[in-house]
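The values are calculated or read from the model by the stated rules, or taken from the named source; none is laboratory data. All of these numbers come straight from a predicted model, not from anything done at the bench. Quick reminder, even Gly has a Cβ in these numbers, built from the backbone with ideal geometry, and neighbours come from all protein chains shown.
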């Protein structure tokens, strides 16, 4: 994707050429280059490129915002040699906030500082830099001195270094030791394996040690903790080893800890936090103390190499931005916790870490004799007060054609006719190929090149790929550059999405059983999990889960059940009610609860089957194959599809091609790309001459979908019309007329679409968004539709995987699990309500032109709350909304907020359901102590949907003490900002809702009785039974208790959570493939399994065999082994007597007892471990003929 030839062409421009000469000689300390923004990457590239083409100077390019910096870095990557441009990102927190910057931001910053301080041409990861691109925010912030000298931890395969040394070095540079690596800055040690997630990497790395040498280094995936094959690991090959920059900019060295201890003595108000630092414990927001704990602070400019120059991109905006930053930073310092802790007066002056002013920054540059140039879109910058020289480059920005292909082709034809060079740049290969064929169809010469190494040829269009956003016309050299954005009017931001994880191969179950959690055992009911214990049974070690049940006699301690780890499949975590009552072991209540649930479940299954049969019996329309237009629409999608999305689109198209009506449900959180699936399905239907109705529950969703659909269909002859309260009666009438005559192809509307007055000429597809939010009568209407046309339903409430499996073939479902990876975890802050803090938080959001949700859950005082915020931040536009407003008012406010007419929306919890405002990235919740856990998670899910970093403030009244449970809840939410274990609770809560949506009315009572997971399993069984699927009879567990040393040693898999997970994985195997897969996973994650684990696998293999033979018990009793239940035919009896003459078959109790053979004949010891298992396997195969049983079953 190199565009070096284009850079050579552009730098022939006389004005630019003289500027390059001037930079090379260093005679102009101040120079303004006037040119459109599209030329910026080329001008910066020309200053940094090697002579004779460029000025060959190191450049610091400063932009006003982080986003511009990222775009400029990408564009420069196409113009300069590989790996010579780096982005120096800013903290996403302000210097005095109570939050630390994210470790991946810090890691990326320190990697750049390391390359500036110690460049090493021999090492690709620390090669010298030609250009550093930085948002002004990161340049204004002083740094702790000496950060570039911090050694990153560098390990290559084959290095001689001990595991302890590497772990020690990582701990010293701010990595935290955990049992499972889930986020950047984590490391985990298991035996000779070290997992570490450097902040600069896309995937974590796994290092395998053999003694004191590094045997292997490979990438692995966080989702399932499995190694990635080479080539899957994103950017580079893991063979270049581990490069782990520090994760914190203030490292707790001995000196720093000593200073913290001394300060703690002087300032009792700050003693708590300083003492922690003195003890080497990292604290959120500790970076604020850098000025008093570190040796000194230094400006970023002083770290640039010899001969460097500064280039400000759009000096006016940089100046404005710098002033805003200075003001907001001062506000935060004022509202800062250090002041708050000391009753308003800052006991220590921490001003040294505050942002510098732009004037000071320019002064620093001139002290360092560093030229400061500007790239500005306007001529003569009078406000600067100094007469800088200005050089005007005679370029104009390219026209925006907004999908008007004919006009674009006519212009290109004209330029080529005049012997100009025309270059078309796209970001992906697909659109590039499409451009070439489009130009050739119009009779124009075009050629496609991967890399543009030479200047483009005149009179022929050159099409290539590169990351340039906008094009320009440069008359002096007769060159024109056009990009996808210029031609299509929308930019394909593929690169935002380039970090797609591959399709998840089964995620790590966040089943983190803590002692005291409620669990459900299928046979015994709801109990409380106590602990995991190792027991010696018949001389063999096994591990058990201990579950406590209600006492069988009053006043007695509870009964305890020991569940062997190979029967973990019977145990699920209880989700359903707040505090369930414990069952009695062997009591009747549990079986009653189960049969009640079964009855309810059978009715639901019956309904589902009836609807399914009706659908199968009615004829539908079989849609044809994709048209060329369909492909064109799909290529123009501005993001890279996630693997799940592609699968969903594929499945929908397959369903549409079948002659029976489709009924598919797509689940996935807001922002996971369900809409695109709808866009493509609707387009396919329209291509077949059918009409499409998209049904949504709210007017706001009509507006949102309307804007998406019209934008995506802009370059095709498809008519899309809305139908909601926002249309006048005459408009609605016109749309209805269009639907009758067939003029309208796609209609997007609320339940008004379902009224009898709406008639379609030829309706082929109905898409329903958030069906659960429609009323009962509307749902009935939808049920009727399902048997006539293709129906695609979409829901943001997740559906549990188990339910999806249970309903296979009845209600087709697709789950989109992979989030677009650019989503950052939300920075969460929990603390007492304070006006200053709120003002600062709202101002910070306004500064980046974002919006704020303020949740206040009392309707009576909501207008007061809104007025109060208006007083705190007079410049903000504040609106409020609550559920008691009339619907029209409420929708008006919501749509206005979405259209950015307001900055702050004060609302009740109505925002928790499906409102998608990507521009709103700060959430403030008043009285957060009164909300439930899943509510807090869902509210927080409203922010952090865009590329910007999101903030959530959970506030409680400072004057009231928090109740224990409220404190716990807030603490949980604050810790789990990652979408992981903390989401588990909220996810389950949502899954219960999601199941309710599919299975009809809420069955929360039934679910609370048996627990959610078991309930879902019952649904699957009932459905299968009603369909006449024999194999769905209730699964029986097979118990194997033999003297075999089969367990997972603590030194092989440390940590109870990981061992539980490994046991669960092994307990769930049902075939030889499963066993192999489980063995591979263990070897990959923990190293070669020791003997007890091999034994465990062998037991699992035997259990699968015994189960297929219909056995439920294989247990050693004294000197015999009991097999049951056993029913033998005559031929089997004869074989048994011949082969095992001392065996005893009790027909009445269906048991078979066989004496254990002794090793080495008489007088030897009884067989045990693998020998015994081998003997048992032979017996089962010879007597019970599992292979014949299986064949009979299939036959």
Checklist outcome for this item: Okay, strands (runs of 3 or more DSSP E) sitting entirely in region 1087-1146 with 1 or more residues that are surrounded by fewer than 18 Cβ atoms within 10 Å (Cβ to Cβ) and without any contact (Cβ under 8 Å) to a residue 24 or more places away in the chain, I get 1144-1146
Checklist outcome for this item: Taking region 186-199 and keeping only residues that are assigned to a loop (DSSP other than H, G, I, E, B), over 16 Å from residue 1088 (Cβ atoms) and over 17 Å from the mean Cα position of the chain (by Cα), one is left with 198
Item to check | Search result, residues across region 707-733 that are surrounded by fewer than 21 Cβ atoms within 10 Å (Cβ to Cβ), more than 26 Å from residue 657 (Cα to Cα) and in contact with a strand residue (DSSP E or B) (Cβ under 8 Å, 6 or more places away or on another chain) | outcome: 732
Checklist entry - If you take just the helices (runs of 4 or more DSSP H) that sit entirely in region 246-324, which of them hold at least 3 residues that are under 35 Å from the mean Cα position of the chain (by Cα) and closer than 23 Å to residue 101 by Cβ? => result 271-278
Item to check | Residue ID - nearest to the chain's Cα centre (by Cα), chosen from residues in region 405-427 that are in a loop (DSSP other than H, G, I, E, B) and crowded, with 16+ Cβ neighbours inside 10 Å | outcome: 427
Next on the checklist: Considering only residues that are touching a strand residue (DSSP E or B) at 6+ places or on another chain (Cβ under 8 Å) and over 26 Å from residue 37 (Cβ atoms), which ones fall in region 430-457?
Outcome noted: 433, 436, 439, 440, 444, 445, 446, 447, 448, 450, 457
Next on the checklist: Taking the criterion of being buried (at least 20 other Cβ atoms within 10 Å of the Cβ), assigned to a loop (DSSP other than H, G, I, E, B), at negative phi and modelled with pLDDT under 90, would at least one residue in region 749-770 satisfy it?
Outcome noted: yes
Item to check | First in region 709-733 and farther than 18 Å from residue 679 by Cα, second anywhere and assigned to a strand (DSSP E or B), Cβ under 6 Å, 6 or more apart | outcome: 724/749; 732/723
Checklist entry - Restricted to region 582-591, and to residues that are free of Cβ contacts under 8 Å to residues at least 60 places away in the same chain and in contact with a helix residue (DSSP H, G or I) (Cβ under 9 Å, 6 or more places away or on another chain), which residue is surrounded by the fewest Cβ atoms within 10 Å (Cβ to Cβ)? => result 584
Checklist entry - Given the residues 1008, 971, 966, which is the only one that is in a helix (DSSP H, G or I), at pLDDT 75 or above and farther than 24 Å from residue 668 by Cα? => result 966
Checklist entry - Does residue 555 count as over 35 Å from the mean Cα position of the chain (by Cα) and at pLDDT 85 or above? => result no
Item to check | Which listed residue is closer than 30 Å to residue 711 by Cβ and modelled with pLDDT of 85 or more, from 627, 642 | outcome: 627
Item to check | Odd one out for residue 648, checked against (1) surrounded by fewer than 20 Cβ atoms within 10 Å (Cβ to Cβ); (2) modelled with pLDDT of 80 or more; (3) in contact with a helix residue (DSSP H, G or I) (Cβ under 9 Å, 6 or more places away or on another chain); (4) farther than 25 Å from residue 1039 by Cα | outcome: (1)
Checklist entry - Which residue out of 848, 823, 844 is modelled with pLDDT of 65 or more, surrounded by fewer than 19 Cβ atoms within 10 Å (Cβ to Cβ), within 28 Å of residue 952 (Cα to Cα) and under 26 Å from the mean Cα position of the chain (by Cα)? => result 848
Checklist entry - Does any residue of region 317-326 turn out to be modelled with pLDDT of 90 or more and in contact with a strand residue (DSSP E or B) (Cβ under 7 Å, 6 or more places away or on another chain)? => result yes
Item to check | Count - residues of region 233-245 that are surrounded by fewer than 20 Cβ atoms within 10 Å (Cβ to Cβ) and outside any loop (DSSP other than H, G, I, E, B) | outcome: 2
Checklist entry - Before we move on, is residue 402 surrounded by fewer than 16 Cβ atoms within 10 Å (Cβ to Cβ) and either over 29 Å from residue 74 (Cα atoms) or modelled with pLDDT under 85 (or both)? => result yes
Checklist entry - Which condition does residue 541 not pass, out of (1) in a strand (DSSP E or B); (2) at pLDDT 85 or above, if it passes all the others? => result (2)
